[in-house]
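**Q** Here's a structure for you.
The values are calculated or read from the model by the stated rules, or taken from the named source; none is laboratory data. Remember, it's a predicted structure, so these values are computed and weren't measured experimentally. Heads up, the Cβs are rebuilt from the backbone with ideal geometry, glycines too, and the neighbour counts pull from every protein chain shown.
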Amino acid sequence: MRFHFNPARTLLTVLLTGALSLMGAETTANTGLGQANAALQAGEADKALELLKPLTQAGPGQAAADNLECRVLLNLEQWDHAASACEKAVSLEPQNSLYHLWLGRALGEKAGRASFMSAYSLGKRVREEFETSVRLNPRSAEALADLGEFYYSAPSVVGGGTGKAEGVAAQLDNLDAARAHELRGRIAEEHKDYSAAEREFKQAIAVAAHPAFQWATMASFLRRRERWAEMDAAIHNCIAAAEHDKHAGVALYDAASILIKSNRESALAAKMIESYLASSQKTEEAPAFVAHVRLGRLKEQTGDPEGAKREQAFALALAHEYKPAQDMKH
């Protein structure tokens, strides 16, 4: 069995508000923690890890540093090391909802690549971490969304269940209506009720404050249904919505990824990734070094090997241990 939890699916401002408030006064732009977090958001994995080295030793801010290290390592796809770092943060501050949330995500990534028996035990721990995160902060829409995703996608033997997921959606109604509709859409899709899923995804677009993200979700759903013309329309609606939303760079990155998966409009996908990389809105949700790798692969496909080499070099300059960048061939 496989559990996969996207490290962050929401606006960066939501995530950082919680994270930085938990880090305390030391997390200003002039401190090591603040600088490491800025490097993480910019996709500068090597720089972030270097800045965090002295901060993950005993002392003030160690838990926050461990949490940041975990998130960098997650982006580098170093699942075991990421989980270890997140476990350190939780052990130091067991009442911190955000740290339990990230530990659940890291363990979920491990479970997705583990043997059956290991995935079984890890799956139970993922559930426990997400439930703890929600218990410690019942108004965290982010934690509720991840818990709801776990419930609808995980088997009952590790604590999953549609009824539980629907209960989470009800909790989200008054916190983040768009997330609530998205969760109900995913539950319906899991049960192959595609009409109900589409209605919920449309409702998410209608109530969203930043609909570019919800248009990308709709496009992803339409891709899975192989409704190509409608998917293309949703992609273009995402682009249009993003033009009026300075925080929507990640939505464009997501939409480009959908085009890549569907082998459609490679030139448009490349343009969207280039726009994201040129923007000042880069975040850990869409690591810059990953974006360079994806752009490099697009250049390979379109007969631009020199451009692909440049993108590989950009990626490795930011994250020299990122294996997909190391493995690029021209």
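**Q** Can you name the residue in the range 155-180 that is among the polar types (S, T, N, Q) and assigned to a helix (DSSP H, G or I) and is also surrounded by the fewest Cβ atoms within 10 Å (Cβ to Cβ) among such residues?
**A** So the first thing to find is which residues in the range 155-180 are among the polar types (S, T, N, Q), and the list is 156, 162, 171, 174.
This time we only want the ones that are assigned to a helix (DSSP H, G or I), so: 156, 162, 171.
Working: Ser156: 10, Thr162: 14, Gln171: 18.
Top of the filtered list is Ser156.
Residue-wise test of (1) aliphatic (A, V, I, L, M); (2) modelled with pLDDT of 95 or more; (3) on the phi < 0 side of the Ramachandran plot.
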site	(1), (2), (3)
Asn6	no, no, yes
Asn75	no, yes, yes
Ala82	yes, yes, yes
Ala89	yes, yes, yes
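**Q** Here's another thing I want to ask about it. Any idea which residue in the range 120-140 is surrounded by the most Cβ atoms within 10 Å (Cβ to Cβ), counting only those that are acidic (Asp, Glu) and more than 18 Å from the chain's Cα centre (by Cα)?
**A** Looking at residues that are acidic (Asp, Glu) and more than 18 Å from the chain's Cα centre (by Cα), I get Glu131.
**Q** Pick from the range 280-321 the residues that are buried (at least 16 other Cβ atoms within 10 Å of the Cβ), among the aliphatic types (A, V, I, L, M) and over 17 Å from Ile260 (Cβ atoms): which of them is farthest from the chain's Cα centre (by Cα)?
**A** Of the residues in the range 280-321, the ones buried (at least 16 other Cβ atoms within 10 Å of the Cβ) are 281-300, 304, 307-308, 311-312, 314-316, 318-319.
Subset that is among the aliphatic types (A, V, I, L, M): 286, 288, 290-291, 293, 295, 298, 308, 315-316, 318-319.
Still in the list and also over 17 Å from Ile260 (Cβ atoms): 316, 318-319.
Numbers: Leu316: 21, Leu318: 19, Ala319: 18 Å.
Here the answer is Leu316.
**Q** Let me ask something else. If I ask for residues that are of a type in the set (Lys, Arg), in a helix (DSSP H, G or I) and without any contact (Cβ under 8 Å) to a residue 40 or more places away in the chain, which ones from the range 284-330 would you list? Give the steps one after another, and end with the answer.
**A** In the first step, residues of the range 284-330 are kept if they are of a type in the set (Lys, Arg); the result is 294, 297, 299, 309-310, 323, 329.
Next, only the ones that are in a helix (DSSP H, G or I) stay: 294, 297, 299, 309-310, 323.
Those that are of a type in the set (Lys, Arg), in a helix (DSSP H, G or I) and without any contact (Cβ under 8 Å) to a residue 40 or more places away in the chain: Arg294, Arg297, Lys299, Lys309, Arg310.
**Q** Based on this model, can you work out whether Pro324 counts as out of contact with any Leu (no Cβ under 6 Å at 6 or more places or on another chain), buried (at least 22 other Cβ atoms within 10 Å of the Cβ) and either under 27 Å from Glu69 (Cα atoms) or modelled with pLDDT under 95 (or both)?
**A** When the stated conditions are applied, Pro324 does not pass them.
Okay, residues lined up against (1) in a helix (DSSP H, G or I); (2) farther than 13 Å from Ile258 by Cα; (3) more than 19 Å from the chain's Cα centre (by Cα); (4) free of Cβ contacts under 8 Å to residues at least 12 places away in the same chain:
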| residue | (1), (2), (3), (4) |
| --- | --- |
| Glu182 | yes, yes, no, no |
| Ala197 | yes, yes, yes, no |
| Ile205 | yes, yes, yes, no |
| Leu222 | yes, no, yes, no |
| Cys238 | yes, no, no, no |
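**Q** Identify all residues within the range 240-269 that are polar (S, T, N, Q), under 12 Å from Ala219 (Cβ atoms) and part of a helix (DSSP H, G or I); write none if there are none.
**A** If the condition is that a residue be polar (S, T, N, Q), under 12 Å from Ala219 (Cβ atoms) and part of a helix (DSSP H, G or I), then Ser257 is the only one that fits.
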